[in-house]
Amino acid sequence: MTTAESLDRQDKLQGVGCSRKRKEDPRFIQGKGNYVDDIKLPGMLYGDFVRSPYAHARIKSINKEAALALPGVHAVLTADDLKPLNLHWMPTLAGDKQAVLADEKVCFQYQEVAMVIADDRYIAADATELVEVEYEELPPLVDPHKALLPDAPIIREDAAGADEVGQGQRTHPNHIFTWDVGDEAMTDRAFENADVVVSQEMLNQRVHPSPLETCGCVASFDKVRGELTLYLTSQAPHVVRTVVTMLSGIPESKVRVVSPDIGGGFGNKVGIYPGYVVSIVASIVLGRPVKWIEDRIENLSTTAFARDYHMIGELAATKDGKIKGLRVNVLADHGAFNAHAQPTKWPAGFFSICTGSYDIPTAYAKVKGVYTNKAPGGVAYRCSFRVTEAVYVVERMIDVLAHKLEMDPAELRMKNFIQPEQFPYHSALGWEYDSGDYPTALKKVMEAVDYAGLRKEQAEKKARGEIMGIGLCTFTEVVGAGPSKSCDILGVGMFDSAEIRVHPTGSVIARMGTITQGQGHQTTYAQIIATELGLSSEDIQIEEGDTSTAPYGLGTYGSRSTPVGGAATVMAARKIREKARKIAAHLMEVSENDLEWDVDRFRVAGNHEQFKTMKDIAWAAYNNVPEGMEMGLESVDYYDPPNFTYPFGAYLCVVDIDRFTGELKVRRFYALDDCGTRINPMIIEGQVHGGLNEAFAVATGQELPYDEQGNLLGNTFMDYFWPTMVETPVWELDYTVTPSPHHPMGAKGVAESPHVGGIPCISNAVNDAFMQFGASHVNMPHNAWRNWKAIHELGLDKQ
Amino acid sequence: MIPGVFDYHAPTTMADAIALLAQYGDEAKVLAGGHSLLPMMKLRFAEPAYLIDLNKINELRGISEANGMVRIGAMTTENQLIASDLLAQKCPLIPEAARLVADPQVRNRGTIGGDIAHGDPGNDHPAVMLAVGASFVLAGPAGERTVAADGFFLGTYWTGLEEGEILKEILVPPVTASTGHGYAKLKRKTGDYATAGAAVQLTLNGDVCDSINIGLTNVGACAIKATEAEDVLRGQVITEALILTAAEKAMAMTDPAEDLRGDVEYKTHMAGEMCRRALRQALARAKGGA
């Protein structure tokens, strides 16, 4: 029974559903954050890399003498120095290996060749220029489409003869893996028998997550104690600790990894980079702490790009628009080492979510990964593993099919949606969608923007030669990796954890295996505990990122914090509440079964004046517990999710394109998200804004282009596109709530939806603008130059 | 992103600055706002052994009017240009273009003199100087000389500044009631250099275009004076058809380099489009419009 009085108590908790201010913001706003580059240890030295100017070259010699002669230089480390420790190569999360320092040859421009260790970063930078490296240039392989030609240059001589490099059989020295899913024969039959077939080649261009804070670390080895402390800006500190132990042989109990405040990750900070390994070695060798921090060019050029999926999508349908089959072929450019970050058994991540929100009876997807002379990576940039690529291909294909059928793309979507009553829904490629209501979401959006009116306006504008486009995207994500039966990293199941301790006065400290990078965990986890335990979120302290104090967890990426870490938090809190119930019964001398939970207290059913608040109970837990019960009030939970969660949304975008310059303006962007239960609506809105900004950046400007020699063009923020507040569109947000049936509080995760859904939505709008004039698909990024080329070809820019 | 080793000097008088420059010769670079030079030094594209910082020389700052000319000290910042009532009245093209230079932080430090003297074709003021018919006071060991903006810009990072000279002052003739101006700049985002830009200042005598200057930004090795486009319009009643012809002539005078902003074809067309936009705006203003 809810009363005004109990509602008032509920409000005071600032728990689930409350748009309370973020607990982390006062320190960030006041400049009191503590990032890895803020850490200064006594006697600390600085490392800086000598990097390759060439994309592909043999190293003939390295001369360190001049660098070593510079005052303040302590060491210059090369692959030969790491060889005795067997650390010149390291394993990647993808089962391949990566050169820590280039061993005999370089395979991409800016590859790490040597590290200089010096008294300060200025001396280190000067010394890198004094290291003389003699190269013999080799022909570079830049175009992935040429990687498997018989005469293609062999990039990885170290693995040229290997039958596999961690992901199955290979057919060529530049071949990494071929992975397929679905019933190929049945899909082929669906295409043979279809009324209508469409096929479209498209590219998810190579981009970089480029968090504001670049990658970096401070490694500090204590020779006397044999202990290594590693301060690291990492999205997965516990995994890093395990890998460091595997590589170094130092017991995991003597390795402490600390992720302090993190200035954004977006997938860039999941992997292990050469800089970390060399810093650790240097600290062990020199007996002093060593700091290594990337500059912006190094970040954009070397540590973990995303995408670079060259795709061909195909749909088979009846002539009235019922989709019968989907076929996707992908050529994946992984660069010189297969260093993507996916759960171990998933070489193409969760790309098989590519049937999207549609009831497609049969589907087949094939992904072929190849080496090129480019930086290694293939990480999930603000998305679950390869989900952006998957959603892009299906959402673009729906529009391509609609165009072919001369059917409105909204109508085609409505016709093919998985219906609410079909959940849990088993997709043709093996997923079990937990819950959703796609038609309601799209209808709500179409009504909010007057979709019919927009189409009418577009037709009028077209008649005047004005270029307006309307894009839709009705996406489904798969996040919250994941059930340990199918998901692991290096053999560690992808559970996550929470440890909650209630103090005698009713304040709480809780630690999780995840790690916040801007998501606001210190606020949202506190809100979850506040609601579950009836204690104010203001007095609940959340700590993450220190492997010496937090329980083991797999970290934060792929929108897994709320689905997995949040679930662990709920379960741990409920264990505490069960103990509290027993204490309350003891204090009131009633039976447990006579008690009912009421916001922040247990009360006697039928006698609401008789109750004990959680604060009363917390105090009693330390002095007056039932006979036989342990004192204290704390719990731990390691949560292995039974399934993934499937957030979804319906987005609509209206663009106007200047027909003389190609400049694009997003006039309207309406984003409806359904992430299940909403913990902090304000934080959700912030997450959606951030993800949409990144989607806008990718769709309209971001790319890492290479020239034919394998030189990376545009690796500074002068060229690599980040919109400022001037360019950023106004976002209109909306939501529906379809809770996840298997998550203990029904939450699904939200931070990546806007990125995943926003990119195809904008791309669909731009392509809609051009396709109405007869153009075919145009690839991203939809920058002014590229738009103008389409306009000029169509002759729309005549004066 | 860390510069090489250099010595830093911060003279307080022009005489000291000129003496230091004479002493260190081409091993020295003069530092104005630093927003072009310092990034180049951080990338080690430029590794001067000596930096001579002009920021403490007060005589290089300020905007005034004397002898029928508006005089702008070379170390006047972009934001000071934007805030100047005198410029708004007498040389409105300059503050208008300054608003489109880079971003607020850069405009706080970046100076008009640095923008002109650096010789970067992407900088906005060179084309603006061509459009307003400015001249430059250059100070060196042999004293001062005044040169016209037209002919000053010779190539990328190459201007009419002789060895040992420092740009001291910019002289601009004030506009009349029948003068109109326009600066059109296409850029990828706030803070970016122009993909293409055009600066126009014209004066009408009745309906006839009495005088006109057109400067183009970032579509050649240096700022281009689009004389052939000017010739189409000078002495004529400007019509839309003539504007289109003039823009074609301007396009023919460009020689852009391909980069991530666009290829030669796109940049050439954008030079034409910016020219049309700046011309239309200048014409409307000269006729008394906004």
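A few comments on the model shown:
- Among the residues of segment B:232-290, those identified as among the hydroxyl-bearing types (Ser, Thr, Tyr), more than 9 Å from chain A (Cβ to nearest Cβ) and touching a helix residue (DSSP H, G or I) at 6+ places or on another chain (Cβ under 8 Å) are B:Thr245, B:Thr254, B:Thr268.
- Residue in segment A:1-42 that is nearest to the chain's Cα centre (by Cα), counting only those that are basic (Lys, Arg) and surrounded by 12 or more Cβ atoms within 10 Å (Cβ to Cβ): A:Arg22
- Meets criteria (farther than 30 Å from A:Asp496 by Cβ and outside any helix (DSSP H, G or I)) for A:Thr724: yes
- Residue satisfying condition, being within 13 Å of another protein chain (Cβ to nearest Cβ) and either among the β-branched types (Val, Ile, Thr) or touching an Asp or Glu at 6+ places or on another chain (Cβ under 6 Å) (or both), within set A:Thr736, A:Thr716: A:Thr716
- The strands (runs of 3 or more DSSP E) falling completely within segment A:165-251 that include 1 or more residues that are within 21 Å of A:Ala550 (Cβ to Cβ), hydrophobic (A, V, I, L, M, F, W, C) and touching a residue at least 40 places away in the same chain (Cβ under 8 Å) map to A:216-222, A:227-232.
- Pair list, Cβ < 7 Å and 6+ apart or interchain, from segment A:532-555 residues that are more than 20 Å from A:His503 (Cα to Cα) to residues that are among the hydroxyl-bearing types (Ser, Thr, Tyr) and in a loop (DSSP other than H, G, I, E, B): A:Gly545/A:Ser259; A:Gly553/A:Thr514; A:Gly555/A:Thr514
- Per the conditions (1) closer than 30 Å to A:Gly265 by Cβ; (2) out of contact with any Lys or Arg (no Cβ under 8 Å at 6 or more places or on another chain), the sole criterion not satisfied by A:Asn593 is (1).
- A residue that is farther than 21 Å from A:Val726 by Cβ and either away from chain A (no Cβ under 14 Å) or at pLDDT 95 or above (or both) can be found somewhere in segment B:180-192.
- Close pairs (7 angstrom Cβ cut-off, 6 or more residues apart or separate chains): assigned by TED's automatic domain parsing to the domain that holds A:Lys60 and among the β-branched types (Val, Ile, Thr) in segment A:125-144, in a helix (DSSP H, G or I) and surrounded by 21 or more Cβ atoms within 10 Å (Cβ to Cβ) anywhere: A:Val131/A:Ala67
- Filtered residue count, segment A:752-799, keeping only those that are more than 14 Å from every other protein chain (Cβ to nearest Cβ), touching a strand residue (DSSP E or B) at 6+ places or on another chain (Cβ under 9 Å) and buried (at least 22 other Cβ atoms within 10 Å of the Cβ): 19
- Residue within segment A:667-679 that is in contact with a Cys (Cβ under 9 Å, 6 or more places away or on another chain) and hydroxyl-bearing (Ser, Thr, Tyr) present: yes
- In this structure, B:Ile94 does not qualify as within 14 Å of another protein chain (Cβ to nearest Cβ), in contact (Cβ under 8 Å) with a residue 24 or more places away in the chain and closer than 27 Å to B:Asp192 by Cα.
- Residue check for A:Thr372: in a helix (DSSP H, G or I) and buried (at least 22 other Cβ atoms within 10 Å of the Cβ): no
- Restricting attention to segment B:218-251, the residues being assigned to a strand (DSSP E or B) and under 23 Å from B:Asp263 (Cβ atoms) number 1.
Yes/no per residue for (1) more than 14 Å from chain A (Cβ to nearest Cβ); (2) within 30 Å of A:Leu300 (Cα to Cα); (3) surrounded by 20 or more Cβ atoms within 10 Å (Cβ to Cβ):
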residue: B:Thr13; (1), (2), (3): yes, no, no
residue: B:Ala19; (1), (2), (3): yes, no, no
residue: B:Gly25; (1), (2), (3): yes, no, no
residue: B:Val30; (1), (2), (3): yes, no, yes
residue: B:Met40; (1), (2), (3): no, yes, no
residue: B:Ala49; (1), (2), (3): no, yes, no
residue: B:Arg61; (1), (2), (3): yes, no, no
residue: B:Ser64; (1), (2), (3): yes, no, no
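- Segment A:462-504, residues that are assigned to a helix (DSSP H, G or I) and without any contact (Cβ under 8 Å) to a residue 24 or more places away in the chain: A:Ala463
- Test: residue in segment B:200-217 that is farther than 22 Å from A:Asp658 by Cβ, part of a loop (DSSP other than H, G, I, E, B) and of a type outside the set (Lys, Arg): yes
- Taking segment B:158-173 as the range and being touching a Pro at 6+ places or on another chain (Cβ under 9 Å) and assigned to a loop (DSSP other than H, G, I, E, B) as the test, the residues that pass are B:Gly164, B:Glu165.
For every residue, the table says whether it meets (1) of a type in the set (S, T, N, Q); (2) more than 19 Å from A:Ser210 (Cα to Cα).
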residue	(1), (2)
A:Gly378	no, no
A:Phe385	no, no
A:Thr388	yes, no
A:Arg396	no, yes
A:His403	no, yes
A:Asp408	no, yes
A:Ser427	yes, yes
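- The number of residues in segment A:673-713 that are over 16 Å from A:Met780 (Cα atoms), within 14 Å of chain B (Cβ to nearest Cβ) and surrounded by 18 or more Cβ atoms within 10 Å (Cβ to Cβ) comes to 1.
- Where strands (runs of 3 or more DSSP E) sit wholly within segment B:35-123, those with at least 1 residues that are modelled with pLDDT of 95 or more and closer than 30 Å to A:Leu130 by Cα occupy B:50-53.
- Any chance A:His145 is farther than 22 Å from A:Ile59 by Cα, more than 14 Å from chain B (Cβ to nearest Cβ) and outside any loop (DSSP other than H, G, I, E, B): yes
- Matching strands (runs of 3 or more DSSP E) fully within segment A:1-120 where at least 3 residues are aliphatic (A, V, I, L, M) and within 30 Å of A:Gly378 (Cα to Cα): A:112-118
- Restricting B:Tyr193, B:Tyr183 to those that are among the aromatic types (Phe, Trp, Tyr), in a loop (DSSP other than H, G, I, E, B) and in contact (Cβ under 8 Å) with a residue 60 or more places away in the chain reduces the list to B:Tyr193.
- Hey, A:Arg225 away from chain B (no Cβ under 14 Å), closer than 30 Å to A:Gly249 by Cβ and buried (at least 19 other Cβ atoms within 10 Å of the Cβ) or not: no
- Condition met for A:Asn643 (crowded, with 18+ Cβ neighbours inside 10 Å and farther than 30 Å from A:Ala765 by Cβ): yes
- Criterion: of a type in the set (Phe, Trp, Tyr), closer than 24 Å to A:Lys60 by Cβ and within 14 Å of chain B (Cβ to nearest Cβ) - qualifying residue of A:Tyr110, A:Tyr135: A:Tyr110
- Conditions (1) crowded, with 24+ Cβ neighbours inside 10 Å; (2) away from chain B (no Cβ under 14 Å): number failed by A:Ile284: (1)
The values are calculated or read from the model by the stated rules, or taken from the named source; none is laboratory data. Note that the structure is a prediction, hence the values are computed from the model and not measured. With ideal geometry, Cβ positions are generated from the backbone for all residues, glycine too; neighbour counts draw on all protein chains shown.
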